[in-house]
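Undergrad: The structure's right below; bear with me while I get my questions together.
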Amino acid sequence: MIIQYYVGSAQEQREEVRAKIREWGLRVRSSTGEKEESSDTQIHVDNVFGNVKDAHRREVETFDCVKAVISIEGVPQNLSRVRRGGRHTVTLPNPHGGKPVTLGEGAPLAIIAGVCAVDRDHTLPSHQMAKRSGADLNRGGAFKPRTSPYDFQGLKEDGLKVLCEAREAVGLPVVSEVLDVRDVDLFMKYDVDMLQIGTRNAQNFELLIEVGRTGKPVLYKRGFSNSIDEFVRAANYIMEQDNDNLVLCLRGVKGIGSSFRNQGDMDEIVYLAQLTDRPIVYDLSHSSGKKSAVFRIGNMAAAGGADGLLLDVHVSPQHALVDGFQAVDSEEELTRMIAMWRQLHELTVGIP
Ligand code: PEP
Ligand code: MN
């Protein structure tokens with residue numbers, strides 16, 4: 001845990017807290033901020049190591065000199081904001097004609113928009129529409145994880161071809177979901193710019209390792225039944241492969257029965273931003289499952305600290321092969337939404 005003390009707190013009070021911590025058998029490393037002219041403005045922070053329990057955190061919080069207690073237990077070192085000295089960005093080089101795209105703190109809000117499933121006739125116009133509306137990346141599934149084996153499973157390799165041909169015309173990098181370790185090479189062959197791990201594969205550790213090994217940017221979605229702790233620990237499988245290009249994606253969870261497709265988990269944006277150094281994307285379409293909800297949920301996520309937003313779009317949703325009901329189809333509306341989300345993001349930048 002990390003303890004932040006009030007500026008101007010008394011040395012004796014801070015020592016009381018440390019004595020308590022040592023009584024519990026924990027170790028404390030104290031640090032002070034830059035020396036200010038008056039010692040009253042000195043910042044004091046303690047790092048506490050050992051088997052820190054919730055009860056310890058709660059007791060430390062009761063001391064008057066303590067401003068905040070931040071729990072870092074459970075966040076692996078590879079993606080810990082504290083251990084890595086701040087938050088980091090991920091850049092997609094985009095060698096296919098367009099500009100590189102950066103996601104993360106300090107970069108503009110990144111918009112990932114595209115078809116749910118790649119189809120032959122509408123992928124290109126949908127992705128062009130997304131670009132004209134202000135999107136930075138296109139998404140499109142060539143391999144689709146479906147609840148029923150009788151449902152359309154994606155165009156597979158043909159889908160990757162269509163997606164990457166569209167990329168040549170549009171100029172935005174593309175994100176596509178890898179379902180199976182056996183397909184990773186195919187994604188490399190088509191030089192897919194960012195590999196998505198979908199919610200159903202969130203704990204397919206072999207797949208996380210293989211995708212991590214490619215060194216490619218990865219959009220890693222939270223499993224819809226995984227706790228945040230399980231999510232960040234599994235994310236470490238990717239980082240452990242010397243892959244620093246990991247982006248975390250929240251997309252709603254199976255809750256207690258939401259009125260939406262999934263129960264929104266955008267409050268976890270705040271948690272992830274405080275504890276991890278990773279860029280955070282919120283998936284508006286797969287969390288809500290409602291085209292009519294995407295705008296307002298996007299407002300919440302953009303103002304709530306997301307570094308990127310993902311949504312399904314389609315120029316002709318009635319012909320979409322998957323998830324047409326949740327795809328935004330109006331260029332005018334999409335343009336307005338993206339402009340608003342960017343504004344909200346900018347207004348809240350820098351607020352801890
Ligand atoms: C998708 O992005 O197309 C998708 C299937 O998402 P999720 O894994 O979040 O359900
Ligand atoms: Mn979808």
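Undergrad: Just to check your reading of the model, which residue among Asn94, Asn78 is buried (at least 19 other Cβ atoms within 10 Å of the Cβ) and either more than 16 Å from ligand 1 (Cβ to nearest atom) or assigned to a loop (DSSP other than H, G, I, E, B) (or both)?
TA: Only one candidate qualifies: Asn78.
Undergrad: Quick one: which strands (runs of 3 or more DSSP E) lie wholly within segment 204-287 and hold at least 3 residues that are within 10 Å of the chain's Cα centre (by Cα) and within 16 Å of ligand 2 (Cβ to nearest atom)?
TA: 280-283
Undergrad: If you don't mind, another one. When you scan segment 129-146, do you find a residue that is closer than 11 Å to Val315 by Cβ, in contact (Cβ under 8 Å) with a residue 12 or more places away in the chain and open to solvent by less than 10 Å² (accessible area, probe 1.4 Å), even just one?
TA: yes
Undergrad: Only one of these is among the aliphatic types (A, V, I, L, M) and touching a helix residue (DSSP H, G or I) at 6+ places or on another chain (Cβ under 7 Å): Val115, Val101. Name it.
TA: Every option except Val115 fails the conditions.
Undergrad: Checking Gln42 against (1) touching a residue at least 12 places away in the same chain (Cβ under 8 Å); (2) out of contact with any Leu (no Cβ under 7 Å at 6 or more places or on another chain); (3) of a type outside the set (A, V, I, L, M); (4) loosely packed, with under 15 Cβ neighbours inside 10 Å, which test does it fail?
TA: Going through (1) touching a residue at least 12 places away in the same chain (Cβ under 8 Å); (2) out of contact with any Leu (no Cβ under 7 Å at 6 or more places or on another chain); (3) of a type outside the set (A, V, I, L, M); (4) loosely packed, with under 15 Cβ neighbours inside 10 Å one by one, Gln42 breaks only (4).
Undergrad: Answer yes if at least one residue in segment 172-190 is open to solvent by less than 30 Å² (accessible area, probe 1.4 Å), away from ligand 1 (no atom under 13 Å from the Cβ) and in a loop (DSSP other than H, G, I, E, B), and no otherwise.
TA: Yes: one or more hits.
Undergrad: Pairs, please: C-beta under 6 Å, at least 6 apart or cross-chain, first residue under 13 Å from Val247 (Cα atoms) and in segment 105-122, second within 10 Å of ligand 1 (Cβ to nearest atom) and among the basic types (Lys, Arg)?
TA: Ile112/Arg139
Undergrad: For Gly212, indicate whether it is small (Gly, Ala, Ser) and either within 15 Å of ligand 1 (Cβ to nearest atom) or touching a Ser or Thr at 6+ places or on another chain (Cβ under 6 Å) (or both).
TA: In short, no.
Undergrad: Could you please find all residues in segment 150-198 being among the basic types (Lys, Arg) and within 24 Å of the chain's Cα centre (by Cα)?
TA: Arg167
Undergrad: Residues of segment 136-156 being in a loop (DSSP other than H, G, I, E, B) and either within 13 Å of Ala327 (Cβ to Cβ) or acidic (Asp, Glu) (or both), which ones?
TA: Correct list: Asp136, Gly140, Asp151.
Undergrad: Given the condition out of contact with any helix residue (DSSP H, G or I) (no Cβ under 8 Å at 6 or more places or on another chain), within 14 Å of ligand 1 (Cβ to nearest atom) and in contact (Cβ under 8 Å) with a residue 40 or more places away in the chain, answer yes or no: does some residue in segment 257-275 qualify?
TA: no
Undergrad: Next up: Identify the residue in segment 191-217 that is among the acidic types (Asp, Glu) and surrounded by fewer than 23 Cβ atoms within 10 Å (Cβ to Cβ) and, among all such residues, is nearest to Ala113 (Cα to Cα).
TA: So the residue we want is Asp191.
Undergrad: Go through the residues of segment 329-344 one by one and say whether even a single one is closer than 30 Å to Ile72 by Cα, open to solvent by 10 Å² or more (accessible area, probe 1.4 Å) and at pLDDT below 95.
TA: No: zero hits.
Undergrad: Tally up the residues in segment 107-128 that are within 18 Å of Lys161 (Cβ to Cβ), more than 16 Å from ligand 1 (Cβ to nearest atom) and open to solvent by less than 10 Å² (accessible area, probe 1.4 Å), please.
TA: Summing the residues that are within 18 Å of Lys161 (Cβ to Cβ), more than 16 Å from ligand 1 (Cβ to nearest atom) and open to solvent by less than 10 Å² (accessible area, probe 1.4 Å) in segment 107-128 gives 0.
Undergrad: Got at least one residue in segment 195-203 being farther than 17 Å from Arg251 by Cβ and either among the charged types (D, E, K, R) or not in a loop (DSSP other than H, G, I, E, B) (or both)?
TA: No - not one qualifying residue is present in segment 195-203.
Undergrad: Kindly provide the set of residues from segment 276-315 that are small (Gly, Ala, Ser), out of contact with any His (no Cβ under 8 Å at 6 or more places or on another chain) and touching a residue at least 60 places away in the same chain (Cβ under 8 Å), ordered by number.
TA: Passing the criteria: Ser285, Gly308.
The values are calculated or read from the model by the stated rules, or taken from the named source; none is laboratory data. Quick caveat, the model's predicted, so the values are computed rather than measured. Positions of Cβ are backbone-derived with ideal geometry, glycine not excepted, and every protein chain shown enters the neighbour counts. When the accessible area is computed, the model is the full protein with side chains, heavy atoms only, and any ligands, DNA or RNA have been set aside. Shrake-Rupley method; radii C 1.70, N 1.55, O 1.52, S 1.80 Å.
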